[in-house]
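Comments concern the structure below.
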Amino acid sequence: MLKDMISNPELMYRPSLEEGAVVDEMFNTLMEYNVPFKKAYEQTWESWGINRELRALFANKGWILERMKNHPLYNGNFQIVIPDAYMGRGIDYDSALQAMGEIMNHRRLKMCFRDINDSHELFIRSLENKIYSLINMRAGYIIPEKYIEPINALFESNGKRIRMHRGQSITKLLARYAECCPEITKWKVDKDCSFYDTQGNFHPRKKDMGWNGLSAIIGDSLNPINRTETMVISIHPVDYLLMSNGDKWRSCHAIGKFEVDKANAHNGCYMGGCLSYLQDACSVVVYYIPKAETNNPHPERLGKMKRMMVYLDKGKIIMSRLYPDGRDSKDTSNNDNMTNWMRKKIQEVVSELFDMPNEWDVKFGKEEVCEYITHEGVQYPDYMCFDDVSISIHKDLEGEKFAHKNLHIGRYPICPICGDFHKNEMQLVCPDCLNKYNIPW
Ligand SMILES: [Zn+2]
């Protein structure tokens, strides 16, 4: 594949600068990735712009690369690969409680056509209250034995021939509730998730956030997952370009043109942001790949199971929102929480990279974290928009003057074709090249 590209030597600008070898290596891997992209669109992604981009990456992130190369888990491909990384989740009672509350509110306000003293209404209300309090008392996913009999007594005294058994879950009880109150299952709320693909075709998508959506949230939130996959800490250029191209998900930085074979390929509205992150001095892409791919020399070619942008300087680690899930638990003692696990692991790796003791203070939330951030560029600033953000500050920085030195996130993108800076968050290329070549990326 690579040979085809090199057969047209006029296209290749070979940097002869000090960073030449690294930039060459990055350039080759990018070009290799770029082949299907070019075949499909018969456009020339001239190398001049890309080289400026990669040199910016090297100039700004070279300080991270230098340290990464000495790490025992460095894979020789601008990545540190960590096997046996926790990718599960503990029980999220708050989300379950909120979903159950919404179900109860909706039914009582919109579906209760009976008198409040009607015996069926009273029965349904006590059943709802039982489910709510089981969640509220944090009793786990499986209903504790001592609560089974009172629930069965409630069914029995209302003439229902339904029985719950030992070892059954709250999901089962919810299904029983739906049997007794079938009108709730007709409650649908269509959330529009439609999108246009790169050919302009409309793909209608709807997500039901009525009974189906909310009951699924309750089941998922209460049912813990305990699994391990492989985590990658990367400054590979392709990882920035494909940061939002997940295995089953996309977000606003997604570049659909890299995935011409995939039905769900579509461009996000912040593609330019990938380059903003690629070019700055602190942004690192952290993501999960399947355990079976641990030894794959090119994890950047796999769809990302989960992805988080992390911003580093020597004594600070800012962790942004986890995609596609979002939430970060602010409870640092909760080891069932994936973001907590990631925070501890990233702290450990950064301590190793900079040969510091692994001792950090953590602050949460955008108000706290944004005090340490300045930014430029066209990236979607998750760290300012969502509270799922944290900063770890190394204990040695306590009382130091430079403790408050800001991390500067993002740069204005360099157009991959002409090499000029631009401010267009919607595209990778500048508006001039967009007009000239009519390339919608
Ligand atoms: Zn341009």
### Query
For K172, which lysines qualify as cross-link partners when the Cα separation must be under 27 Å and same-chain residues fewer than eight apart are set aside?
K110, K130, K146, K160, K186, K188, K191, K206, K207
### Neighbour cut-off at most 16 other Cβ (10 Å), DSSP loop, GluC sites (Glu not before Pro), the stretch 351-433
E359, E371, E376, E398, E400
### Query
the stretch 111-134 to the stretch 302-370: how many Å between their Cα centroids?
44 Å
### Task
For N158 and E352, compute 0.36 nm times the residue count separating them, minus their Cα-Cα distance, and round to one decimal in nm.
63.5 nm
### Task
DSSP loop (so not H, G, I, E, B), at most 15 other Cβ within 10 Å: list which trypsin sites (Lys or Arg not before Pro) in the stretch 65-131 pass both filters.
K69, R114
### Query
Taking the simple approach of a point 7 Å from Cα along Cα-to-Cβ for both K395 and N435, what is their distance in nm?
5.9 nm
### Message
What lysines does K366 reach when the alpha-carbon gap must be under 23 Å and sequence neighbours fewer than 8 apart in one chain are set aside?
### Response
K306, K314, K316, K330, K344, K345, K395, K401, K405
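Read the figures in this text as sums done on the coordinates, not as results from a lab. Because the structure is a prediction, the values reported are computed rather than measured. Heads up, the Cβs are rebuilt from the backbone with ideal geometry, glycines too, and the neighbour counts pull from every protein chain shown.
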